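Coordinate-derived values only; no laboratory data. Bear in mind that the values here come from a model prediction, so they are computed numbers and not experimental data. No Cβ is skipped: glycine too gets one built from the backbone with ideal geometry, and neighbour counts run over all protein chains shown.
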Amino acid sequence: MTAKPRPLSVLRLLLVFGFVFPVYWAIASSFAPEARLFDVPPVVPTDVTVDHYRALFEERQFWLPMRNSLVVAGSTTALAIVVGTLAAYALTRLRFRGRTLVLAGVLAVSMLPQVSLVPPLYLALRAGGLINSYTGLVLPYLSFALPLSIWLLVGYLRQLPAEVEDAALIDGASRLQALWHIVLPLAWPGVATAAILTFLYCWNEFLFALSFTLGPERYTAPVAIALFRGRYQVPWGEILAAAVVTTLPVVAVVVAFERRIVEGLTAGAMKG
Amino acid sequence: MSPAAPAGNAARVDVEDTRLAWGLLSPTVVVLALVVGFPLAWTLWESLHVHDLRMPWLGYPFAGLANYRDAVADPRFRAAIAHTAFFAAVSVSLELVGGLALALTMHHATRGRALLRVLVLLPWAIPTAVSGLLWRFLFDGQAGIVNAIFVGAHLLDRSHVWLVDPTMAWVPIITADVWKSTPFVALLLLAGLQSVDESLYDAARIDGAGPWRQFVEITLPLLMPAVVVAAAFRALDAFRVFDLIYVLTGGGPGTATESVSLYTFSALLQRLRFGYASALSVIAFAATFVLGLVYVRFAGKHLLRVDR
Amino acid sequence: MSIGLDRITKVFANGRVAVRDVALEIADGELLVLVGPSGCGKSTVLRLVAGLEAPTSGRILIDGRDMTGVPPHARDLAMVFQSYALYPHKTVAENLAFGLRMRAVDRAVIDERVRAVAAALRIEQVLDQKPSQLSGGQRQRVALGRAIVREPRAFLLDEPLSNLDPQLRFDTRAELGHLHRRLRATMIHVTHDQEEAMTLGDRIAVMRDGSVEQVAAPLEVYERPANRFVAAFVGSPSMNLLDVTVVPGAGGRPMVKGPGLSIEAPSMDLEARSTLVLGVRPRDIAIVAPGRGDALARIDLVEPLGHEVVVRARLDEGRGPGITIVVGDGQGRAPAEAVGLQFRRDRFHLFDAGSGARIM
């Protein structure tokens, strides 16, 4: 359609405003001095302070949960991608009995409610002394990170033309050689997308982190923020500051990779 | 040269493939068996026993389907199901409508598409728990800007304490979920919109159809598959909601906004009724499984298609 | 190397029978063309020979040895794909060298062979470029080069000319012919273009719906097609096929009769049957005065092509089926004109109406 309908432009403006305004408000409020927070601050803040940010890092040691989130999300993503790429290759390029079953199984695992896994995992982790540890989070995280990676990678590899691999096979490469020399170099955009999306999901995760960690040394960022306690009232200033800090890496990733993210989301979801 | 059995010999290429395939799949199978398979099996087993960590003197007696009977009769569980169904129905509907509107506006945008996508992706990318807190702040009884706006616009006569009211508490919860998930739906629908052949609209224009007719006769029908996929995805997620409600209301006031996941969690880690919580988990899992089957039934032909 | 297909059948997972009981023998050094309409199974046969697919039953023999279960990399065959399938992330030189590298050939030998092949195919100046920077014709030559450089025992070509534009296709066709004569290698060439098949092949195999309808030298397939499908497929414009009956005629000689058409049967031992199919090529018909010749027709359309003229007519004074004639000179023929058609006696065919098999 060449004519851009006027009402749509207005609608777009309203919608975008509606989605962005809360974020703006949170950021603006995080810079508002404590006293003003419990009034309604003006739309454009005149009084700015970094008190909340300072308190966040000096008093609450917020860099600890940030580090924890980074370690857990990073390790999980690395593992999920490596294991997932091998699995995705097998599922898309090799013919074997039970292939559909495995694909269905991976899909099924990605659909189950996380809360179902909490009781047994809790007991198992406790028995293994892994409560409140990095391993004790990475392993449960793989329960959703691995199927997610596999799903995204399968979607991507399916779009890669198989003829180039056939040429490699005829040229004398074994399956593994073809995988290493031809498929992996050509698939890295898809792998990158899968890694980004997996990382975001891990960074986001709340339930497992809440259930399997005990204190700030191992809390991830979302859990730490949710459990902030103030002396007299809810410490909104610090909570908002922490929210901004937690979201910054996410925003950076989204800005840098938005095209990949959108492709990964839509390809993975809209297969067909 | 003895004639080899055709099937056996011909299958050699496939046999090598098979061995390699299982080799490549083995780490996945091991990990998933470890963190999903055994735990689920354990949950099933556990749900058939009485196991209350606060009453260890009861031991670990086999209870058959007692936990399930209790669950079905449990008014709090039934309330949780009702809450979850209500939440899912309202959120998903709003997200579909909002997502469609957003997708349409983005589809017709001529400039700044990338910026649009980034801005719209932000709510989705922010950790759910964090966005929950954000909305709690926005709806706060004293400092919340929502109250300021409503009172200022004379829609309310005075500030409301949203999160304390059993019915009104749903407003921030649903608002937060719609805010976070509409962009995701919009992106899925946008991809669907972009795959519609432009020349169909031209043909319709020549045939005399105006913008509304074009939307109803061309866009909507061709977008249906994408809508179904988006709806199924969101329904599945909405059914499992935990983070938002935990952070916004903790299930309260009382248990007025408790979802199924939240109740299971509470039974588990707060009241330590492992056997019972396991039964709840199994029920939740079974329900999700059924929903999933429905989803696969509609969209699965595409998902599970294997090409070679 | 000789290649043999011993009663190969391939049924895919969805139940589709792609190849039905195919038996072929390709001699060492022969160029066999597999030709047929799309979906006839010719590409599948090629992939079976290559080892990219495994047959459901039957054997693949290479130099007499059963290679049915052997994976592609051990068969020492080279393949040129329709889409060329060049490695997009590697340079032309690396593309050419890949196969030799996989076989752990000495680096110096690789370099030398790559350079020699590149020179022979006139692609030396692009050795350092990536496939995306090349023209279609260049990519095609790189694909060929990748196959040649390995000095394989046989070449498999899957519609290598289909993606080229007509003039390039024409020239490259000749190059392929030269290549075959020079290398004296066994080649299986798959195409849907019957002209390519006729000009390139030592023998051609016409396929339809997974079966081989006829295997013979090109001229034999043209002049003595085994059934009506082959008759219609080979030759352009395609052979006219008309439903006729055989009736006893004057003087004991059976007559072949059709709409506006009556012709003496070429031999005596043609019993009266209810229906047959008469086949005659457009170039084997002459236009004569109405009332003379074997058939009466009315002209529908005259299409002058420059070097010859295509005349479309309808038999039985315009009431019957269409018939196509190609003549060297239109002789001022015009639509609606009634004409007589004379068939060359030694150049028409009769097929069984049911099976389509050739009778004479």
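Considering only DSSP beta bridges where both residues belong to the protein assembly as shown, give the percentage that are antiparallel (nearest 5).
The antiparallel proportion sits near 75 percent.
Bin by bin, in steps of 5 Å, what percent of the Cα pairs in the range C:76-138 do you find, going until the bin that has the longest distance?
Pair shares across the bins are 4, 17, 27, 29, 18, 5, 0.
Can you give the FRET efficiency to the nearest 0.05 for B:F62 and A:I27, using r as the Cβ-Cβ distance and R₀ = 51 Å?
That gives a FRET efficiency of 0.35.
Could you work out how far helix C:166-183 tilts from the main Cα principal axis of chain C, as a 0 to 90 degree angle to the nearest 10?
60 degrees
Per the Kirkwood treatment, what hydrodynamic radius in Å, one decimal, follows for the range C:4-86 from the mean inverse distance over all distinct Cα pairs?
Numbers: mean 1/r = 0.0745 Å⁻¹.
Computed over the range C:4-86, the radius equals 13.4 Å.
Given the alpha-carbon gyration tensor of the protein assembly as shown, what are the semi-axes of its equivalent ellipsoid in whole angstrom, ordered largest first, with each equal to the square root of 5 times an eigenvalue?
69, 34, 28
Would you mind checking the tilt of helix C:107-120 against the longest principal axis of the Cα atoms of chain C, expressed as 0 to 90 degrees and rounded to 10?
30 degrees
Please list, ordered by chain and number, the residues whose modelled amide H lies under 5 Å from the amide H of C:R208; skip anything fewer than 5 residues away on the same chain.
Amide H to amide H, under 5 Å and 5 or more residues apart or across chains, C:R208 pairs with C:E213.
Lysine pairs in the protein assembly as shown with Cα distance under 25 Å, only those 8 or more apart or on different chains: how many are there?
Total qualifying Lys-Lys pairs in the protein assembly as shown comes to 5.
Give me log10 I(q)/I(0) at q = 0.19, 0.20, 0.21 Å⁻¹ for the range B:183-308, Debye formula, one equal scatterer per alpha-carbon, no solvent.
Values, matching the q order: -1.06, -1.11, -1.16.
Looking only at C:L34, C:L341, C:L350, which one moves most when chain C is put into a Gaussian network model with springs between Cα atoms under 10 Å?
C:L341
For the range C:153-159, in order, what is each residue's ³J(HN,Hα) by Karplus, 6.51 cos²θ - 1.76 cosθ + 1.60 with θ = phi - 60°, in whole Hz (x at glycine and Pro)?
Working through the residues one at a time gives 7, 7, 10, 10, 10, 9, 6 Hz.
At R0 = 56 Å, how high is the FRET efficiency between C:E25 and B:D207 if r is their beta carbon distance? Nearest 0.05 is fine.
Efficiency, rounded to the nearest 0.05: 0.40.
How long is the gain from B:F215 to B:F150 if the chain were fully straight, where each residue apart is worth 0.36 nm and the alpha carbon distance is subtracted?
On the way: separation 65, 0.36 × 65 = 23.40 nm, distance 3.43 nm.
Using 0.36 nm per residue and subtracting the Cα-Cα distance, I get 20.0 nm.
Working from Cα positions, state the angle (0 to 90°, nearest 10) between the long axis of helix A:184-204 and the longest principal axis of chain A.
Orientation of helix A:184-204: about 30 degrees from the principal axis.
With no solvent and one point on each alpha carbon, what is the Debye value of log10 I(q)/I(0) for the range A:61-269 at q = 0.08, 0.12, 0.19 Å⁻¹?
Those come out to -0.34, -0.70, -1.33, one per q.
When C:M187, A:M111, B:M224 are ordered from fewest to most other Cβ atoms inside 10 Å of their Cβ, what list results?
The most exposed by this proxy come first: B:M224, A:M111, C:M187.
Springs between alpha-carbon pairs under 10 angstrom, Gaussian network model over chain C: which of C:Q342, C:Q167, C:Q214 fluctuates most?
The residue with the greatest mean-square fluctuation here is C:Q167.
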